[in-house]
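What follows is a single structure, written as C-alpha cells, with notes after it.
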Amino acid sequence: MRVTVVGSGYVGLATAVSLAYLGNRVVGVDVDGDKVAALNRGKPPFFEPHLEEMLTLVRPNLSFTTRYEEAIPQAQVVFIAVGTPSSPDGSPDLTQVKQAAEGIGRYLGEGFTVVVNKSTVPVGSGNYVEALVRRAFREAHGGEPDGRLAVASNPEFLREGQALHDSLYPDRVVVGAEDRRAIEVLRELYEPILEQSFAPPPFLPRPERMGAVPFLTTDLASAELIKYGANAFLALKISFINELARLADRVGADIREVARGIGLDHRIGPRFLQAGLGWGGSCFPKDTAALLAMGREYGLSLPITEAAREVNFGQRNLLVDKLLAELRTLKGKTVTLLGLAFKPHTDDLRESPALALADLLLKLGAFVRAHDPVALPRARQEVVLPLEYAETPEEAFKGADAVVLATDWPEYRTWPWERLRGLLRTPLVVDGRNFLDGKALAAIGYRYVGVGIPALGILSKVEV
Ligand code: UGA
C-alpha cells in the first residue's frame, strides 16, 4: 500500500519503518527540514535501538519530505503521528494535529484515503480531525471530499527503547472508526503483523510463543479512551507498588518479594511493579494529566488517577529524605546520579525523574554530578540545571558523597564497584530502582539503601 506518516518522533518513525519493512511504499512528512535531510541520509534524530539499522534496511521503500503536496495525493493511508505536548492546564496542545489535518485536507488525492490518528489525543479528536480535513479540502477545492475520506483512530502502545520491537510484535492492534471501509483498509495493512506472517529482521527476532495478534475494532471514542486507559492503568500500577513500598520501609518488608508475590496472581501480572523513583517520560505524566483535564471538562473528578500522580511525584522527595537520613545535610555534598534518561535504552530526558531529583538536590545545596551511557550529549544541549557531567565511572565516583542510581541501565550492574569505592568520600549507594545487588555491595563495604527494601551495610563516618 502507499502510506504516509506525518511526524517523525518515536511513534511516527517506528510506524514508518515497520510498514516499509512489510513492503509498503512509505513517505514520512515532517516540518523540520534538517530532520528530513538527516532521515533521508539514514540518520535518526534520537537514540532508539535498531532504528538506524532499520532505516538502512528499508531505504528502497521509505523517503522523507517536508512537503505535503509530495506525500498526500497518492496515499491510501495517512497516519498522523505528531506531538501532543501538555498545555499549562494539562490538556494536550493539538496545534500540530491541526496543522497536519489541514495539510492533509489541502492535498487529499482522488482515491479513497484513510486518515488515521496515532497521536494521543483527547476523546472526540477523531471527529475534530475529520472536520479540519474537510474544511481544508473545501477551502482548497471548493467541494466536499465525499466518499474519498474516512477517519480512524489507531492508538499506539509502543515503549521507547523498544519501539521497533513493539511495532512488529504488539499485544494488540486497536482500530476505532465509524466507516467499515477504513477498518478493512487498516486490517489489510496490518495483516502481516496480525498473522505474524513476515520474516523477522535479523536483529529483531520474533518473541518465542508469539501467536496471532488480536485486532480490536471499536468506535472512535472508545479507541481514543483505550489509549489513555492503558497508560493511566500502567502508571497507577507503578504508583501502587510505590505506595506499598513506603509501608514496606516502615514495617521492614522487602517490596521486591511483595511485588513477586502479588504479581504471580495472573489477574495482576508481574510487570510494572518495580518500585523506585517512579515514572516519567513523554507519556505517563502527560497522559494522566490529559485524563484529568478531560474529566474536568465533563465535571468529573478522577481520584485514582490523581492519587497515582501524587504518589509518583512524591517518590523524588522520598529519595531526598533517604539521602538526608544518611548524610544529615546535603549542603556542599556531591551527589552522583547514575542515569539521566527517564528509563534505560533511550536518550529521552522528557519528564525524567532523575532530573526532577537533581533539581531537588540542587535546591538543598548539593552539587549534582550525572552520568548516563547515552543521554549525556542530549543533556548537555537540553538541560538547564547546573549539573556536572561524568563520562567515565571514575569521573562519576571521584570525591562524591553518595551515588544514586536513577535509571536502571544494565551496565551499572557490571561497573567495577569494588575498585570504585575507594574514590568516594562516603561509600553510600541509594538505589532508586532497586536494581543493584545490595548484598554484594554491602559485602564490599558499601552502605546500600533502596526503596521499600531493608538497608544493608553501615556507613562508618559521615563528615558534615
Ligand atoms: C509508555 C507505555 O508503556 C507504552 O505502552 C505507550 O505506548 C507509551 O507510554 C506512549 O504512550 O507512547 P514509555 O513512556 O516509553 O511507554 O515507557 P515505559 O516503559 O512505560 O516506562 C515509563 C516510566 O515508568 C519510566 O520512567 C520507567 O522507569 C517507569 N517504570 C516502569 C517504573 O518506575 N516501574 C515499572 O515497573 C515500570
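Looking across region 327-348 at every residue that is in contact with a Lys or Arg (Cβ under 7 Å, 6 or more places away or on another chain) and open to solvent by 10 Å² or more (accessible area, probe 1.4 Å), the one that is farthest from residue 395 (Cα to Cα) is identified as 342. Residues in region 6-54 that are among the small types (Gly, Ala, Ser) and either within 24 Å of residue 103 (Cβ to Cβ) or within 15 Å of the ligand (Cβ to nearest atom) (or both): 7, 8, 9, 12, 14, 16, 18, 20, 28, 33, 37, 38.
Yes/no per residue for (1) closer than 15 Å to residue 81 by Cβ; (2) modelled with pLDDT of 95 or more; (3) of a type in the set (Val, Ile, Thr):
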{"position": "11", "(1), (2), (3)": "yes, yes, yes"}
{"position": "18", "(1), (2), (3)": "yes, yes, no"}
{"position": "25", "(1), (2), (3)": "no, yes, no"}
{"position": "43", "(1), (2), (3)": "no, yes, no"}
{"position": "62", "(1), (2), (3)": "yes, yes, no"}
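Given the condition within 17 Å of the chain's Cα centre (by Cα), closer than 18 Å to residue 232 by Cβ and open to solvent by less than 20 Å² (accessible area, probe 1.4 Å), answer yes or no: does some residue in region 291-304 qualify? No, the conditions are met nowhere in region 291-304. With respect to being under 24 Å from the mean Cα position of the chain (by Cα) and either in a strand (DSSP E or B) or under 25 Å from residue 345 (Cα atoms) (or both), residue 38 fits the description. Put simply, of 385, 441 the only residue that is touching an Asp or Glu at 6+ places or on another chain (Cβ under 9 Å), in the same structural domain as residue 315 (by TED's automatic domain parsing), at pLDDT 95 or above and assigned to a loop (DSSP other than H, G, I, E, B) is 385. When the criteria are applied in full, residue 236 fails the requirement of being more than 15 Å from the ligand (Cβ to nearest atom) and either aliphatic (A, V, I, L, M) or surrounded by 14 or more Cβ atoms within 10 Å (Cβ to Cβ) (or both).
The values are calculated or read from the model by the stated rules, or taken from the named source; none is laboratory data. Remember, predicted model here, so these are calculated numbers, not experimental data. Heads up, the Cβs are rebuilt from the backbone with ideal geometry, glycines too, and the neighbour counts pull from every protein chain shown. We work out accessible area using only protein heavy atoms, side chains counted, and drop any ligands, DNA or RNA first. Shrake-Rupley method; radii C 1.70, N 1.55, O 1.52, S 1.80 Å.
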